[in-house]
Amino acid sequence: MLQHPAAPPVSITHEFVITGEPAEALWDAYRDNFEPLKSLAILRHFDSREEVLDQLANPKIHKIVGWQEGRPVGLAMVTNSLEDVTEISPEFLRAKYPDYAARNAIYCGMLVMVSHALRGRTLFGRLYTELWQVPALEAGILVFDVCEFNRMMFDTDELTKRIASSFPRSAVEVLDRQTWYVAALPEPIPGSRPG
């Protein structure tokens, strides 16, 4: 019987600044993971190369990196520097959670991604759990969003509950929802003309 060689092990590190070749490799993986969402989600999920490289170099953003044979193969990013997350309203979160805000313990999960070659393995769950551990170590809260496509495709409601179950006394709830409507309007109201 033909045996397949074991896959090289994946290690995980916590980083604050990533530049150079590792940053470029993560940009390539980011593009592969998030560019398809341009046509699958209405909210912009795909940042430019410059934006991604800036985030990787930003020491206020905590990066959790999966490495295989010296190359980055997965990434999770989380921060309590809410102004560095352009998609959110820091004022909303600070008003809703003043006790956490007073301790700078509101964290925003920015992304989790795994190289296509390692999808379906344990790395995604490992990165996600490590990301959740960052605010847990500060008795904080973690805010993150998932587009409807990923929510349905990967059953993130169940995944979120499963990850939360590993953290004692944790609770997960929906913080906010944004519903996008589209109205097809093939004809105006009869006899009505603007201005």
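Would it be correct to say that A23 is among the aliphatic types (A, V, I, L, M), under 23 Å from D84 (Cβ atoms), modelled with pLDDT of 75 or more and more than 15 Å from the chain's Cα centre (by Cα)?
Spelling it out, A23 is indeed among the aliphatic types (A, V, I, L, M), under 23 Å from D84 (Cβ atoms), modelled with pLDDT of 75 or more and more than 15 Å from the chain's Cα centre (by Cα).
From the residues in region 58-94 that are touching a Phe, Trp or Tyr at 6+ places or on another chain (Cβ under 6 Å) and crowded, with 20+ Cβ neighbours inside 10 Å, which one is farthest from I141 (Cα to Cα)?
V78
Identify, please: which residue in region 72-127 is free of Cβ contacts under 8 Å to residues at least 12 places away in the same chain and polar (S, T, N, Q) and is, among those, nearest to N33 (Cα to Cα)?
T122
Please work out which one of (1) under 15 Å from H62 (Cβ atoms); (2) in a helix (DSSP H, G or I) is the condition F92 fails and give its number.
Condition (1) is where F92 drops out.
List the number of the failed condition for D32; all other conditions in (1) among the charged types (D, E, K, R); (2) touching a strand residue (DSSP E or B) at 6+ places or on another chain (Cβ under 9 Å); (3) at pLDDT 95 or above; (4) more than 18 Å from C108 (Cα to Cα) hold.
Single failed check for D32: (3).
Restricting attention to region 110-124, report how many residues are buried (at least 19 other Cβ atoms within 10 Å of the Cβ) and farther than 20 Å from D28 by Cα.
0
Identify, from the list R151, R103, the residue that is of a type in the set (K, R), at pLDDT 75 or above and more than 30 Å from P8 (Cβ to Cβ).
R103
Would you mind finding the one in L175, L127 that is surrounded by 13 or more Cβ atoms within 10 Å (Cβ to Cβ) and modelled with pLDDT of 85 or more?
Criteria check complete, one pass: L127.
Restricting the search to region 161-176, which residues are under 22 Å from R126 (Cβ atoms) and either outside any loop (DSSP other than H, G, I, E, B) or in contact with a strand residue (DSSP E or B) (Cβ under 7 Å, 6 or more places away or on another chain) (or both)?
K161, R162, I163, A164
The values are calculated or read from the model by the stated rules, or taken from the named source; none is laboratory data. What you are looking at is a predicted structure, and each value in this text was computed from that prediction instead of being measured. We place every Cβ from the backbone using ideal geometry, glycine too, and count neighbours over all the protein chains shown.
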